[in-house]
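Taking it in order: structure first as structure tokens, then the write-up.
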Amino acid sequence: MGDAEVAGFHRALRDALAGLEALPQPVIAAINGAALGGGLELALACDLRVAAEGIEVGLPEVGLGIIPGGGGTARLPRIVGLGRAKELVLTGRRVGAAEALAMGLVTEAVPAARLAEAALALAERLARNAPVSLRQAKRALDRGLHLPLGEALDLENRLYQACLPTRDRQEALRAFAEKRPPVFTGE
């Protein structure tokens, strides 16, 4: 690609990953193979990541004369911390599933044959919760991270208050009193 085509592709990639990250519902990445460069940046734009044992992830761009351009330098430190992110980005080092799990890059590492099952089980755990609460919690986490503590606490309170009048909250209270699982409708 020429320089103009690269610039257009880069903008489109950034926009697509920002759109994925901005989805109101939680998004799970199931990593089954090498996720290097843009592949890892795609996974970083997701809320949770499940990896198959034997995978490799990394941001090798510095060895190619560029830097991560799909959000890797912005998202990775927010997930694993600045020191670990610098080590991974500046060296281009690849890590396996066990190390990615240990540093918090992925939430679970499972045998490859169980990857789809594990990702679906995680999705089912999320789906048992109130949809409005999931959206509000994701919003509080994503937006609050970038705010001073007092502002983040105010944001959390506003989003909490928005959950109080929902039908799902009333259903949760009834279900608790009746000792049964709640049936949420997203209202």
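Please state the relative contact order of the stretch 1-106 as a whole percent: Cα pairs under 8 Å, 6+ residues apart?
Values: 161 pairs, mean separation 27.1, N = 106.
Relative contact order, the stretch 1-106: 26 percent.
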Taking every pair of distinct Cα atoms and averaging 1/r, then inverting, what Kirkwood hydrodynamic radius in Å comes out for the stretch 1-40?
12.0
Cα axis of helix 131-144 to longest principal axis of the chain: angle in degrees, 0 to 90, nearest 10?
50
Residue-by-residue Karplus 3J(HN,Hα) for the stretch 173-187, coefficients 6.51, -1.76, 1.60, Hz, glycine and proline x
5, 4, 4, 4, 5, 8, 6, 9, x, x, 10, 8, 10, x, 10
If amide H atoms are built 1.01 Å from N in the plane of the peptide, which residues on other chains or at least 5 residues away come under 5 Å of the amide H of residue 37?
58, 59
How big is the stretch 1-71 on each of its three principal axes, counting only the C-alpha atoms and giving the largest first in Å?
36, 31, 15
Sequence order, the stretch 26-37: Karplus ³J(HN,Hα) from phi using 6.51 cos²θ - 1.76 cosθ + 1.60, θ = phi - 60°, Hz rounded, Gly and Pro as x, gives x, 10, 10, 9, 10, 9, 10, x, 6, 10, 10, x
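Distances longer than 17 Å among the Cα atoms of the stretch 80-187: what percent of all pairs is that?
When all Cα pairs of the stretch 80-187 are counted, 70 percent exceed 17 Å.
Sort 179, 86 so that the residue with the fewest other Cβ atoms within 10 Å of its own Cβ comes first and the one with the most comes last. Don't jump to the answer; show the numbers that get you there.
Details: 179 6, 86 13.
Result, fewest neighbours first: 179, 86.
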Read-out log10 I(q)/I(0) by the Debye sum over Cα atoms at q = 0.09, 0.17, 0.19 Å⁻¹, derived from the coordinates shown; its label in (1) -0.43, -1.35, -1.47; (2) -0.32, -1.19, -1.47; (3) -0.41, -1.16, -1.29:
(3)
If 66, 79, 55 are placed from fewest to most neighbouring beta carbons inside 10 Å, the sequence is 66, 79, 55
Normalised contact order of the stretch 118-174, rounded percent, pairs of Cα under 8 Å and 6 or more residues apart
33
Using a simple spin-label model with points 7 Å from Cα along the Cα→Cβ vector, what separation in nm is obtained for residue 187 and residue 103?
4.7
With a 10 Å Cβ neighbour count serving as the proxy for reagent exposure, in which order, fewest first, do 139, 158, 49, 125 appear?
125, 158, 139, 49
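Report relative contact order for the stretch 60-129 in percent, whole number only (criteria: Cα-Cα under 8 Å, sequence separation at least 6).
So the answer I get is 24 percent.
Where a number appears in this text, it was derived from the coordinates with a stated rule and is not lab data. No experiment lies behind these values; they were computed from the predicted model shown. Virtual Cβ from ideal backbone geometry, glycine too; neighbours counted across all protein chains shown.
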